[in-house]
Amino acid sequence: MKFTKMQGCGNDYIYVNCFTETVPDPSAAAIRLSDRHFGIGGDGLVLICPSDAADFCMEMYNADGSRSEMCGNAIRCVGKYVHDRGLTDKTELTIETRAGIKTLWLNVVDGTVETVRVCMGSPEFRPEKIPVAAAGETFLEQPIDVLGETWIVSSVNTGNPHCVTYVDDAMALDFPRIGPAFENHKMFPARANIEFVEVVDDHTLRVRVWERGSGETWACGTGTCATVAALTELGICPAGENVHVQLRGGELTIRVLPGKQLLMTGAAETVCEGTTEV
């Protein structure tokens, strides 16, 4: 099977062109191929497939084999993949995901995609739609207990369920201990991705990410959108202006458009190509 490894802000996945390749058991393949010691290494597996509803379809599997609805970094890489390899000559694409159809705009320089803008849709704040095991219209700046400590969190769904919380120093956290406790907290029946946020100013954030099914990743596109969506809803970040989010793997720019539509811009890069046993 031919594969391409790609990354967006260090969020790396293994991409397979399912127009020409077949992956009989994607969940098992994701577990084996994502292993950074005995496999190719990555945060998961992405299948690029035909779609009856959009230009292409993106199917995602986390490193633990579980399905994911959407990934902002991965979808930018899908846009680069299909354009750079001649599957399309469009610079405005639609990609079908489990979180709906997303529109991409490709920034092409000398025939190669360098950056991609994605309309990520509107955030969902209703607890039952995130999901969060709580009543009320939103779950913003609410206390939860994690490992005997009270944290103030805000939850939002931007294609995946997210939990956003403020910290003074994200790099000082004991991630292997705290991350799983947050991800599997009883408040999140479908588990959750966690964003630990340092607010530098109203246009600049630093974020460290724990993703359900993958552990710590160097970036998360839907998580970055969730962070800015929550902080904009709370009046910390301005709507209609670019907010720069610094992640371990690079920077993403998020803007909350009218109607709370989220526009994400970031790089997409090819790491390597090769062949492997399915």
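Of the conditions (1) of a type outside the set (F, W, Y); (2) within 23 Å of T165 (Cβ to Cβ); (3) part of a strand (DSSP E or B), V118 clears all except one; give me its number.
If we test V118 against (1) of a type outside the set (F, W, Y); (2) within 23 Å of T165 (Cβ to Cβ); (3) part of a strand (DSSP E or B), just (2) comes out false.
Could you say whether any residue in region 27-43 is within 16 Å of the chain's Cα centre (by Cα) and either surrounded by fewer than 22 Cβ atoms within 10 Å (Cβ to Cβ) or not in a loop (DSSP other than H, G, I, E, B) (or both)?
From region 27-43, those within 16 Å of the chain's Cα centre (by Cα) are 42-43; that's our starting set.
Subset that is either surrounded by fewer than 22 Cβ atoms within 10 Å (Cβ to Cβ) or not in a loop (DSSP other than H, G, I, E, B) (or both): none.
No, there is no match, as no residue in region 27-43 is within 16 Å of the chain's Cα centre (by Cα) and either surrounded by fewer than 22 Cβ atoms within 10 Å (Cβ to Cβ) or not in a loop (DSSP other than H, G, I, E, B) (or both).
For V113, state whether it is touching a residue at least 40 places away in the same chain (Cβ under 8 Å) and buried (at least 16 other Cβ atoms within 10 Å of the Cβ).
yes
May I ask you to verify whether N107 is within 23 Å of N242 (Cβ to Cβ), polar (S, T, N, Q) and assigned to a strand (DSSP E or B)?
Taking the combined requirement at face value, the residue satisfies it.
I'd like to verify a number: residues in region 146-202 that are in a strand (DSSP E or B) and open to solvent by 10 Å² or more (accessible area, probe 1.4 Å), how many?
Qualifying residue count for the region: 10.
Pairs please, first residue from region 237-266 and closer than 26 Å to M171 by Cα, second anywhere and acidic (D, E) and in a strand (DSSP E or B), Cβ atoms under 7 Å, 6+ apart in sequence or on different chains.
That search, which allows pairs on different chains as well, returns H244/E251; V245/E251.
Quick check on my filter: what residues within region 57-92 are farther than 14 Å from A30 by Cα, of a type in the set (A, V, I, L, M) and open to solvent by less than 10 Å² (accessible area, probe 1.4 Å)?
Hits for region 57-92 are M58, M70, A74, I75, V78, V82.
Check whether at least one residue in region 92-104 is in a strand (DSSP E or B), more than 17 Å from the chain's Cα centre (by Cα), hydrophobic (A, V, I, L, M, F, W, C) and over 19 Å from L252 (Cα atoms), and report yes or no.
yes
The values are calculated or read from the model by the stated rules, or taken from the named source; none is laboratory data. Given the structure is predicted, the values throughout are model-derived calculations rather than measurements. FYI the Cβ positions are ideal-geometry reconstructions off the backbone, even for glycines, and counts take in every protein chain you see. Keep in mind that these areas ignore ligands, DNA and RNA; they rest on the heavy atoms of the full protein, side chains included. Shrake-Rupley method; radii C 1.70, N 1.55, O 1.52, S 1.80 Å.
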